[in-house]
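Novice: There's a structure below that I have some questions on.
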Amino acid sequence: MVFLAVSAVSGQSVDYKKQIAPILSSKCNECHTAKKRESDKKPKAGLALDTAGGIRSGGVIDPGDASGSDLFIRVSLPKTDDELMPPADDGGPLSAKEIALIKKWIDDGARFGSGSGGGVGKIAADLDVAKVMAMPLREPNADGVAHLEGLGATISQLAVNLPQHLVVEWISTYHKTTDKEIEQILHIAPNVVEVDLSRTKVTDEGLKHIGKLARLTHLNLSRTQITDKGIAHLSGLRSLEYLNLYGTGVSDAVLPMLAKHRRLKSLYTWKTKITSEGLSKLRKALPDAKLVLETDAKANRYDNLDNPDDKYDF
Amino acid sequence: MSENSLFSKGDEVSRRQFMIGAAHSYLGVSVLPMLGATVATSDTFGAAPPMRPRAAKSVIFLNMSGGMSHLDTFDPKPENKDVQGPTPVIDTSAEGVQISGFLPKTAAMMRHITLFRGMRSNQGAHEQGQYLLHRSYAPRGTIVHPALGAWVMRLSGRRNTTIPGFVAIGGSSENATGGFMGARYGGVPLGNANSGLKDSKRAHSVSKEEFDRRLSLADKMNLSFHGRFKQKQVKTYHGLYDEAINLMTSEDLKAFDIKHEDNNVRDLYGQNGFGQGCLLARRLVEHQVRFVEVNLGGWDTHNDNFVSVEARCQILDQALAGLISDLERRGLLDSTLVALGTEFGRTPDINENTGRDHFPRAFSSLMAGGGVKGGFVYGETDRKAHTVTEGIVTPGMFNATIGHALGLPTERVVTSPSGRPFTIGDEAKPVKEVFA
Amino acid sequence: MKQRCILNIVAIVFVFSSVGSVRAQLGLRPGAVLPNQSKEFQQAAARKVDKLVGAEFRRKQVRPLPKSTDAEFLRRSYLTAIGRIPSYEEAVAFLDSEEPGKRVDLVDTLLGSYGYNMHMFNWWADLLRATDTFQNTSGAPYIKWIKDAIAEDKPYNKIVHELVAAAGGGYQNGAVGYYMRDKGMLKDNMANTTRIFLGTRIECAQCHNHPFDSWKQMEFYEMAAFTSGMKIGTRSSFSSYLSDKEDEKDMDRGLRDVSRLIRYAVFDFSVADAGDGSIHLPKDYKYRDGKPGERVGAKSLAGFGKSVRVSLKSKSKDAGEARQEFADWVVSPQNPRFTKVIANRMWKRVMGTGLFEPLDNFSAGATPSNPALMAYLEELLVDLNYDLKAFQKVLFYTYTFQLAPSPVQHPARSPYNFNGRQLKRFSAEQIWDSLLTLKVDKPDVRKGNGYDGGAIMFRNRPVLVGKKSMQNLYNDVMAIESPAAVWKYAENLYKQIKNDKGGGGGGGEKMKMMMMAQNASKKYGQEMRASELSSPMANGHFLRQFGQSDREVIENSSTDSDVTQVLSILNGHVEKNITSNSGAKLFKVVNAGKTDGEKIDRIFLSVLSRMPSEDEKELFLNEFKMDRGSAARNAVSALISTAEFMFVQ
């Protein structure tokens, strides 16, 4: 039955937005949704089928091989099978045509974007932090995600039920990641909440781009060549909570700038030119933040300045 | 579909097994796309997202094998000399929390640590106790349960897909088993911190040029075979060669080489097997390895308990405090859970050889970083450290708590190839009270 | 038109013969003694198997693949029958032969060689989870028992009966290893027995009624009652006396180890009390057919032939008799699963794919992919008196076995029609043994593991070789009537060991025993077949890396591939032992080639068991032109790195 229908969909490529998303939205998303319905409720089986991120991270597709993909296997089971999805008493099974579409879409590589990869367009020259802040927080631009991944980035959701909040890292590609690749993060600017640039070749100039990520809360710049100049570009990041500067060229000069990040909770400054005196001053501005300079190797004295009175010594 | 039912009519077990994509292949190879361990999909897309935001990303599990005396480490009873013996007791950086005087550096780090003083196991022999500690289940003759690291791989996949996601340094290689989940979820055992990733460098007997020529010859040889057998298993097998080359040239391979560390950093952890293992663990975590186990043996102190434990503690203290402080100054402690476990504690009664014997009824373990509270004590034993009076934690609960720290779906049932259901903590619930 | 064409082909390939059993074809009267070892019988049986496979082709209108080439048949036969690739000489001998019956001759030779025993041991060890050590003591007697059973072609039903009914000391009857293996886990052992020999999985029912199959928890307990109460270990008072002595202050550590050896190997490694055939239900039993904690008598699973049971009232039954009856029941030809399961296992072993899978979970209502063939194979195995070697020989003789490899990967878990063997990656043991074939002259020489000649192993080395064996020790100790006298015996034995100056010239046989014993104690050997090394090898060893079973769980081997294996081929074990090892046998063969072309032929024949094609020859001639010094090494490395090397075709 399925196989007859395949011929009906063979030939042209399947478009995720036009052909697959509507099937999932009408037949699957009642249960498998990333949207919180009631307080704290998670999608069924931890699987959200209403976002590209949810589908990709849900472990149900093996791009290029429908017959090895649970998404296809489960919908194509016989009606009597209790593993069938959607369940027979809940709208299942899908029509033969729908099943065939899903099969073809997965077999063709399960692409979410508009296909050819040319979908990212240009980054607006006048994009700034205010404009990014004003952008609604919607599902991330699939072409942008794919584009950035193509440049070696690892992109993940902050959590299962937070498909709009993205974490961008350069794992195992850090040594060949420069400002040029980093700039491309702006394609998904409104969605980025965490960025790990540690050990990349990012420069002060590259932090201009990072400075536009209005919703950024976590930024790791450890062991990069950035200096005080670069930090100046981050002044608009009002949500910043975690900043890791360990092993960079920054000095006490950045501390007045950092004092303006009122939400900052953790700052790491080991192996920089930042001094303990400097941090003491910053403490006055940010009394609740954890400011880590060094944990003394020899005495194992804990020099974290977050609570100076509580310093423990032997 | 009728053909399918002809073959295994009513065979629900195998149907399920098929659905789950069971660890064992039915026919021929099921070639694994990546090294070590991972979930099929996460190979393509990186790790599955955690169940909650800002969950820990990695675990360093410190295995105290042999049965670490709780009285002489993390649950001293200074007011009761009968059971305490000569072990001194000291204050820590956390108010009101005292630990053994053998662990002064750890005491300084206590503000990052949650102690579990209500551990309880039902296995009083080493092998069985270690099995339960690592796998949440007691050993059975009909199944091999996966180790905790394999559960982590199975439920969340690798973060760095060029290197293994689960590494075990020292100790029994059984602690790295994928069990019924199969080798793909198992860890890579390293004999010690210096051994590096086996065979990841070109042999001295082969020049770079020769090496490349061999590969190109093999490629050409494969053409006709691949033409004749257009099969996924053949294609994927060949793909492993590309992946091996990627790994051999990967920057991340450096993570396995502790010689890149300065001497003062190596000193910080202690210049011994366990200390250097902890240092390697930190390097691996920096390269997004998910789960690293480091083993410290020698806790089986039936004789001369106090001398032996003090010696063990010197090693543990230096390494543990070094690890926590090093992670912290690098900004990695929030995203790295350090967990320390043992198969059982030791008898409060001191035996005739001034030793302590096996005692699964009450013992201690700890966690640090990874979002757990600092300076916090969960659970309590009576005045003789003999019975847990509050906050019992079983190895299954401990493992579920580690899973929770990573944001894993701890209730997720994974079905063995034989159709039996298992969870990361043997259905135990995580101890959520320990999270900040 | 097209359909008829297919039918014709089938008709040509699969000889039609009249319906009826082989018995009838051979004109045998029912009840006559079968000449079942005769080639005539076995070949006729092979034709019958082909006919049944051919019938399936016709029914499904499958166009049979052509016959395999000599080279394909050669390599496949070696790997399947003796677990390794053929050596250069073996390959040349077969490929050059123009004898019409050379395929049959090869099968006969292979199945008659010791390599067959070695390969068969791996299979048994995986099935029985036979390991070198059981907790404290050596499992050597069990391993030896299995190897002996293979060597004497002990009928399968006899093997199983001896295992299930095993009693006595390990050094008296190695089969008790079957229970020693699962000391303290007799319920699990029962679940394994049912799974291995009856293809039925009841372990779920240990805790609750089976969710998918029909087994009830009550039925599990009734089965478990057959072995419940069985005591592993004998003379516990002797054992604890020795144990106390060992703990005495300032005890000589050597004497302590001798005493331990006696405890572990004589008293502990023993099945003494057979139990009374009853068991208590668990305290949380929750079904209506029994009360929590109630005692129930043993009863065999329903629907598996004439049932056997032990009544709670009858006191007449000898301890152990229940287990004998249970063993009778397991192997009874009336038991519908016993023969089916082993016939299917053997079929899979030779043909690569089972008639039903999984092999050990044949649920009620399941159907083999070819029921008529399954039925015939069961009949055949009975006719062959459960001689597994003869049965496999029949399968090797078939045309089905000789078909070309299937170019298509058959989907998992669906019925296969056996039109060509499915490609399959070598098992870990096949890889190890094939590499060994490239490395040494005589790969099939038996040495080591399990063939220690019963030497007494003291601190991992053989002692008193030729003077006293473990069997002697066992008999000595069991004849002593008081624990104190055993201690005396231990003291005396320790003296003898201390004074033992080793082999002392003794001559050939003794030296050989000594060597074997030493090999047996080696944790890591590089030049022995996998079956002669430790069972299993330590985790991390090449064999385990490539998927050798840990032998903790039934048939736990794996043919999954991963990158660490490739690294080991490129940079590790293979590079060290083969490619860069100029002393490897392979290079002696290659260097004997007079021209570059001849050398290339020899490399191909050694590694891939075939001649190179013209294109391939040219490719490698170029390589030789470029760098004659390293060309052979590079060629060998390249060929071992191909999928062709790694897959059984």
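The values are calculated or read from the model by the stated rules, or taken from the named source; none is laboratory data. A quick note: this is a predicted structure, and the numbers were derived from the prediction, not measured. Cβ coordinates were reconstructed from backbone atoms using ideal geometry, including for glycine residues, and neighbour counts include every protein chain displayed.
Novice: Those residues that are closer than 15 Å to B:G239 by Cβ and more than 8 Å from every other protein chain (Cβ to nearest Cβ), I need them from the range C:553-582; list them, please.
Specialist: Across the range C:553-582, the qualifying residue is only C:I569.
Novice: Taking the range B:319-346, which residues are more than 9 Å from every other protein chain (Cβ to nearest Cβ), in a helix (DSSP H, G or I) and either charged (D, E, K, R) or over 23 Å from B:G403 (Cα atoms) (or both)?
Specialist: Selection gives B:A319 alone.
Novice: Going through C:S637, C:S606, C:S630 one at a time, which residue ends up being within 8 Å of chain B (Cβ to nearest Cβ) and within 39 Å of the chain's Cα centre (by Cα)? Before the answer, list the steps.
Specialist: Working: C:S606 fails: within 8 Å of chain B (Cβ to nearest Cβ); C:S630 fails: within 39 Å of the chain's Cα centre (by Cα).
Testing whether each residue is within 8 Å of chain B (Cβ to nearest Cβ) and within 39 Å of the chain's Cα centre (by Cα) leaves just C:S637.
Novice: Taking the options A:L49, A:L94, A:L101, name whichever one is crowded, with 20+ Cβ neighbours inside 10 Å, at pLDDT 80 or above, under 21 Å from B:P49 (Cα atoms) and among the aliphatic types (A, V, I, L, M). Break it down into steps so the answer makes sense when it comes.
Specialist: Numbers: A:L94 fails: under 21 Å from B:P49 (Cα atoms); A:L101 fails: under 21 Å from B:P49 (Cα atoms).
Going through A:L49, A:L94, A:L101 in turn, the sole match is A:L49.
Novice: Next question, about the same structure. Could you say which residue among A:T80, A:T33 is at pLDDT below 80, in a loop (DSSP other than H, G, I, E, B) and within 11 Å of chain B (Cβ to nearest Cβ)?
Specialist: Residue meeting the stated conditions: A:T80.
Novice: Report yes if some residue within the range A:251-259 is within 14 Å of another protein chain (Cβ to nearest Cβ) and of a type outside the set (A, V, I, L, M); otherwise report no. Reasoning before the result, please.
Specialist: Within the range A:251-259, the subset within 14 Å of another protein chain (Cβ to nearest Cβ) is none.
Taking every residue of the range A:251-259 in turn, none turns out to be within 14 Å of another protein chain (Cβ to nearest Cβ) and of a type outside the set (A, V, I, L, M).
Novice: Does B:A362 satisfy the condition of being among the aliphatic types (A, V, I, L, M), closer than 28 Å to B:Q271 by Cβ and in the same structural domain as B:P76 (by TED's automatic domain parsing)? Working first, answer last.
Specialist: Working: among the aliphatic types (A, V, I, L, M): yes; closer than 28 Å to B:Q271 by Cβ: no; in the same structural domain as B:P76 (by TED's automatic domain parsing): yes.
In short, no.
Novice: Check B:I245 against each of (1) more than 14 Å from chain C (Cβ to nearest Cβ); (2) aliphatic (A, V, I, L, M); (3) over 16 Å from B:G165 (Cα atoms) and name the one condition it does not meet.
Specialist: (1)
Novice: Still on this structure, I have one more. Quick test for you: out of C:S363, C:S311, pick the one residue that is outside any helix (DSSP H, G or I), surrounded by fewer than 17 Cβ atoms within 10 Å (Cβ to Cβ) and at pLDDT below 90.
Specialist: None of the other options fit; the residue is C:S311.
Novice: Just one of (1) at positive phi; (2) buried (at least 24 other Cβ atoms within 10 Å of the Cβ) trips up B:T354, so point out which.
Specialist: (2)
Novice: I've got another one for you. Which residues, taken from the range C:599-630, are hydroxyl-bearing (S, T, Y) and within 27 Å of C:Q430 (Cβ to Cβ)?
Specialist: The first filter runs over the range C:599-630 and keeps only residues hydroxyl-bearing (S, T, Y), leaving C:606, C:609, C:613, C:630.
Selection gives C:S606, C:S609, C:S613.
Novice: Quick one: how many residues across the range B:290-318 are in contact (Cβ under 8 Å) with a residue 60 or more places away in the chain and either assigned to a helix (DSSP H, G or I) or within 17 Å of B:S364 (Cα to Cα) (or both)? Walk me through how you get there before you give the answer.
Specialist: Of all residues in the range B:290-318, those in contact (Cβ under 8 Å) with a residue 60 or more places away in the chain come to B:290-301, B:305-306, B:309-310, B:312-314, B:316-318.
Now restrict to residues that are either assigned to a helix (DSSP H, G or I) or within 17 Å of B:S364 (Cα to Cα) (or both): B:295-301, B:305-306, B:309-310, B:312-314, B:316-318.
Number satisfying all stated conditions: 17.
Novice: Does the range C:567-587 contain at least one residue that is farther than 13 Å from B:V206 by Cβ and of a type in the set (D, E)?
Specialist: Checked the range C:567-587: no residue is farther than 13 Å from B:V206 by Cβ and of a type in the set (D, E).
Novice: A follow-up question, please. Being closer than 30 Å to C:A140 by Cα and touching a residue at least 60 places away in the same chain (Cβ under 8 Å) is the filter here, so list the residues in the range C:269-309 that pass it.
Specialist: Let us first name the residues in the range C:269-309 that are closer than 30 Å to C:A140 by Cα, namely C:269-277.
Of everything in the range C:269-309, those that are closer than 30 Å to C:A140 by Cα and touching a residue at least 60 places away in the same chain (Cβ under 8 Å) turn out to be C:F269, C:S270, C:V271, C:A272, C:A274.
Novice: State whether the residues of the range B:205-215 include one that is without any contact (Cβ under 8 Å) to a residue 60 or more places away in the chain, at positive phi and at the interface with chain C (Cβ under 9 Å from one of its Cβ atoms). Don't jump to the end; show me each part of the working.
Specialist: Here is the first cut: in the range B:205-215, the residues without any contact (Cβ under 8 Å) to a residue 60 or more places away in the chain are B:205-215.
From what's left, at positive phi: none.
No: zero hits.
Novice: Now for a separate question. Is it the case that some residue within the range A:227-242 is β-branched (V, I, T) and either modelled with pLDDT of 95 or more or assigned to a helix (DSSP H, G or I) (or both)? Show your work before the answer.
Specialist: Residues of the range A:227-242 that are β-branched (V, I, T), as a first pass: A:227, A:231.
This time we only want the ones that are either modelled with pLDDT of 95 or more or assigned to a helix (DSSP H, G or I) (or both), so: A:227, A:231.
Within the range A:227-242 (the criterion being β-branched (V, I, T) and either modelled with pLDDT of 95 or more or assigned to a helix (DSSP H, G or I) (or both)), the answer is yes, since at least one residue qualifies.
Novice: From the list B:P164, B:P189, exactly one residue is at the interface with chain C (Cβ under 10 Å from one of its Cβ atoms), closer than 21 Å to C:Q548 by Cβ, touching a residue at least 12 places away in the same chain (Cβ under 8 Å) and not in a loop (DSSP other than H, G, I, E, B). Which is it?
Specialist: Values: B:P164 fails: not in a loop (DSSP other than H, G, I, E, B).
Unique residue meeting the criteria: B:P189.
Novice: Taking into account only those residues within the range B:173-186 that are within 8 Å of chain C (Cβ to nearest Cβ) and either part of a loop (DSSP other than H, G, I, E, B) or within 11 Å of the chain's Cα centre (by Cα) (or both), which is farthest from B:D257 (Cα to Cα)?
Specialist: Looking at residues that are within 8 Å of chain C (Cβ to nearest Cβ) and either part of a loop (DSSP other than H, G, I, E, B) or within 11 Å of the chain's Cα centre (by Cα) (or both), I get B:G182.
Novice: Condition first: away from chain B (no Cβ under 14 Å) and touching a strand residue (DSSP E or B) at 6+ places or on another chain (Cβ under 9 Å). Now tell me which residues in the range C:380-418 satisfy that. Write out each step before concluding.
Specialist: Residues of the range C:380-418 away from chain B (no Cβ under 14 Å): C:380-403.
If the condition is that a residue be away from chain B (no Cβ under 14 Å) and touching a strand residue (DSSP E or B) at 6+ places or on another chain (Cβ under 9 Å), then C:Y399, C:Q402, C:L403 are the ones that fit.
Novice: How many of the residues making up the range B:114-161 are hydrophobic (A, V, I, L, M, F, W, C) and either within 12 Å of another protein chain (Cβ to nearest Cβ) or part of a loop (DSSP other than H, G, I, E, B) (or both)? Break it down stepwise before answering.
Specialist: Of the range B:114-161, the ones hydrophobic (A, V, I, L, M, F, W, C) are B:115-116, B:119, B:125, B:132-133, B:138, B:143-144, B:147-148, B:150-153, B:155.
If we keep only those that are either within 12 Å of another protein chain (Cβ to nearest Cβ) or part of a loop (DSSP other than H, G, I, E, B) (or both) too, we end up with B:125, B:138, B:143-144, B:147, B:155.
So the count comes out to 6.
Novice: Could I ask something else about it? Within the bounds of the range A:174-184, is there any residue that is assigned by TED's automatic domain parsing to the domain that holds A:T248 and touching a strand residue (DSSP E or B) at 6+ places or on another chain (Cβ under 6 Å)?
Specialist: Taking the range A:174-184 as the starting set, the residues that turn out to be assigned by TED's automatic domain parsing to the domain that holds A:T248 are A:174-184.
Pick out the ones that are also touching a strand residue (DSSP E or B) at 6+ places or on another chain (Cβ under 6 Å) and you get none.
For the range A:174-184, residues assigned by TED's automatic domain parsing to the domain that holds A:T248 and touching a strand residue (DSSP E or B) at 6+ places or on another chain (Cβ under 6 Å): absent.
Novice: Could you count how many residues in the range A:146-155 are under 19 Å from A:D50 (Cβ atoms) and touching a Phe, Trp or Tyr at 6+ places or on another chain (Cβ under 8 Å)? Don't jump to the end; show me each part of the working.
Specialist: Of the range A:146-155, the ones under 19 Å from A:D50 (Cβ atoms) are A:146, A:155.
If we keep only those that are touching a Phe, Trp or Tyr at 6+ places or on another chain (Cβ under 8 Å) as well, we get A:146.
Within the range A:146-155, residues that are under 19 Å from A:D50 (Cβ atoms) and touching a Phe, Trp or Tyr at 6+ places or on another chain (Cβ under 8 Å) number 1.
Novice: Would you mind stating whether B:N264 is assigned to a helix (DSSP H, G or I) and farther than 26 Å from C:N577 by Cβ?
Specialist: yes
Novice: Hey, does the range C:196-208 have a residue that's within 12 Å of chain B (Cβ to nearest Cβ), surrounded by fewer than 20 Cβ atoms within 10 Å (Cβ to Cβ), assigned to a loop (DSSP other than H, G, I, E, B) and touching a helix residue (DSSP H, G or I) at 6+ places or on another chain (Cβ under 8 Å)?
Specialist: Looking through the range C:196-208, at least one residue is within 12 Å of chain B (Cβ to nearest Cβ), surrounded by fewer than 20 Cβ atoms within 10 Å (Cβ to Cβ), assigned to a loop (DSSP other than H, G, I, E, B) and touching a helix residue (DSSP H, G or I) at 6+ places or on another chain (Cβ under 8 Å).
For (1) in a helix (DSSP H, G or I); (2) modelled with pLDDT under 70; (3) surrounded by 16 or more Cβ atoms within 10 Å (Cβ to Cβ), each residue gets a yes or a no:
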| site | (1), (2), (3) |
| --- | --- |
| C:E509 | yes, yes, no |
| C:M513 | yes, yes, yes |
| C:Q548 | no, no, yes |
| C:S568 | yes, no, yes |
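Novice: Also: What number of residues within the range B:122-133 are small (G, A, S) and either touching a strand residue (DSSP E or B) at 6+ places or on another chain (Cβ under 6 Å) or over 14 Å from B:N63 (Cβ atoms) (or both)? Break it down stepwise before answering.
Specialist: Step one: list which residues in the range B:122-133 are small (G, A, S), which gives B:124-125, B:129.
Still in the running and either touching a strand residue (DSSP E or B) at 6+ places or on another chain (Cβ under 6 Å) or over 14 Å from B:N63 (Cβ atoms) (or both): B:124-125.
Of the residues in that region, 2 qualify.
Novice: Output the residues belonging to the range B:347-379 that are part of a strand (DSSP E or B) and closer than 18 Å to B:F435 by Cα. Please lay out each step first, then the result.
Specialist: Of the range B:347-379, the ones part of a strand (DSSP E or B) are B:358-359, B:363-369, B:372, B:376-378.
The answer is B:S364, B:S365, B:L366, B:M367, B:A368, B:G369, B:V372, B:F376, B:V377, B:Y378.
Novice: Still on this model: If we keep just the residues of the range B:225-271 that are of a type outside the set (A, V, I, L, M, F, W, C) and touching an Asp or Glu at 6+ places or on another chain (Cβ under 8 Å), which is surrounded by the most Cβ atoms within 10 Å (Cβ to Cβ)? Spell out the reasoning first.
Specialist: Step one: of the range B:225-271, the residues of a type outside the set (A, V, I, L, M, F, W, C) are B:226-228, B:230-233, B:235-239, B:241-243, B:246, B:249-252, B:254, B:257, B:259-264, B:266-267, B:269-271.
Narrowing the set further to residues that are touching an Asp or Glu at 6+ places or on another chain (Cβ under 8 Å) leaves B:232, B:269.
Numbers: B:K232: 16, B:Y269: 29.
Looking at the filtered set, the residue picked out is B:Y269.
Novice: A further question follows. Being modelled with pLDDT of 95 or more, crowded, with 19+ Cβ neighbours inside 10 Å, of a type in the set (A, V, I, L, M) and closer than 29 Å to B:T387 by Cα, is that true of even one residue in the range B:90-104?
Specialist: Within the range B:90-104, one or more residues are modelled with pLDDT of 95 or more, crowded, with 19+ Cβ neighbours inside 10 Å, of a type in the set (A, V, I, L, M) and closer than 29 Å to B:T387 by Cα.
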